[in-house]
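**Q** Here it is, the structure in full.
Please treat every number below as a calculation from the coordinates, not as lab data. Quantities reported herein were computed from a predicted structural model and do not represent experimental measurements. A quick note on method: Cβ atoms are made from the backbone with ideal geometry, for glycine too, and the neighbour counts reach across all protein chains shown.
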Amino acid sequence: MKVVIISDLHANLEALAVLPREYDQLWVLGDLVNYGPNPAEVVDFVRSRAKHVVRGDHDQFLGHDDDPRCAGRFRELATASGEFTRARLTGRDYAFLRELPLQMQLQLGHTRFWLCHAMPSDPLYGYGPPESEGWKEECVRTPAEILLVGHSHVQFMKKVGDCLLVNPGSLGQPKNRNNLACFAVWEDGRISLRSTVYEAGTTIAKVGNMPIRQTVKEDLVELLRTGSLPEQRTGNMHMASLQK
C-alpha cells in the first residue's frame with residue numbers, strides 16, 4: 001500500500017505535477033485554495049483523485065465565507081487573493097469545500113492515522129511549530145499511532161510518546177525557506193518526507209498576471225520564490241507561519 005500525503009496546496013497546479021505517478025491513495029490535509037492562480041483546477045484534481053480530504057482554514061474562509069483569521073500582511077494576501085479565487089470557483093467547488101470534514105481517523109492494517117489540518121484540539125486554526133510542547137497533549141488525546149497535520153507549511157516528523165507526529169509540509173507554498181514542493185509518502189508500513197523541484201517559474205508567471213494589487217503580487221511571488229516574506233528571513237519563521 002502506497003499513500004501520498006499532501007497539505008497546503010494553495011491553488012498551485014504546477015506543484016501537483018511532481019507527485020508520484022503511481023500510488024494507491026492520495027490524502028489531503030487541507031488548504032486547497034487561496035493565494036495561488038489555479039483554485040478551480042486544484043479543487044477538481046483533489047475532488048477526482050483524493051481518497052480522503054480534510055478542511056483547512058482557507059477552505060473554510062472561501063467555502064463558508066468566514067473570516068480568514070490571518071494577521072499582518074498575510075491578512076491582506078488572503079483577502080486580495082480570496083477575491084480572485086471567488087470569481088473562479090463554481091457552485092460545485094464551493095459545495096465540495098463546505099462539505100469537507102474537519103478531521104478523521106483512518107486505519108491501514110494495524111496502523112491508526114488521525115488527519116487534520118492544524119491540530120486535533122483546533123483543527124482549523126491551532127498552531128504549533130515542530131518544537132512546541134503542546135504537541136505532547138495533542139498526541140496523548142489522539143487515538144492513533146500517526147498524527148498527520150499541516151497548516152504551518154513547515155515539514156517535520158518527530159516521535160512524541162507513542163505517537164508519530166508528521167507534517168508533510170506545503171506542496172504549493174513551502175515555508176522551509178526554499179521553493180521545493182513538499183509531501184510525505186506512506187509505503188509498506190513506513191513513512192518518509194519528500195521535497196522536490198517543481199515548475200515554480202510557471203506559477204510565478206501566473207501570479208504576475210492575476211488581477212490583484214501589485215504589492216500583493218510581489219509578496220506572493222516572494223513566497224513562491226524563496227519560501228518566506230522579506231521580514232520572515234530576519235525574524236521568527238514560526239511566528240510568521242502563524243500569520244498565514
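**Q** Can you tally the lysine pairs in segment 2-242 where the Cα-Cα distance is under 15 Å and the two residues are eight or more apart, or on different chains?
**A** Lysine pairs meeting both conditions in segment 2-242 amount to 4.
**Q** Would you give the gap between the C-alpha center of segment 175-219 and the C-alpha center of segment 107-151, rounded to a whole Å?
**A** Taking the Cα centre of each part, segment 175-219 and segment 107-151 sit 23 Å apart.
**Q** Among 35-48, 100-113, how do they line up from the highest to the lowest mean number of other beta-carbon atoms within 10 Å?
**A** Ranking, from highest mean packing down: 35-48, 100-113.
**Q** Among 60, 82, 43, which residue has its Cα furthest toward the positive end of the charge dipole of segment 23-97, with +1 on Lys/Arg Cβ and -1 on Asp/Glu Cβ?
**A** 43
**Q** Assign unit charges at the C-beta atoms only (+1 for Lys and Arg, -1 for Asp and Glu), then state the dipole size of the chain relative to its Cα centre in Debye, rounded to the nearest 20.
**A** Once rounded to the nearest 20, the dipole reads 280 debye.
**Q** Something else: By average Cβ neighbour count within 10 Å, what is the ranking of 137-144, 175-182 from highest down?
**A** Averaged packing, sorted descending, gives the order 175-182, 137-144.
**Q** Moving on to the next point. Quick check on the exposure proxy: order 187, 99 from fewest to most C-beta atoms within 10 angstrom.
**A** 99, 187
**Q** Using the number of other C-beta atoms within 10 angstrom as an exposure proxy, rank 228, 7, 121, 81 with the fewest first.
**A** Going from least to most buried by this count: 121, 228, 81, 7.
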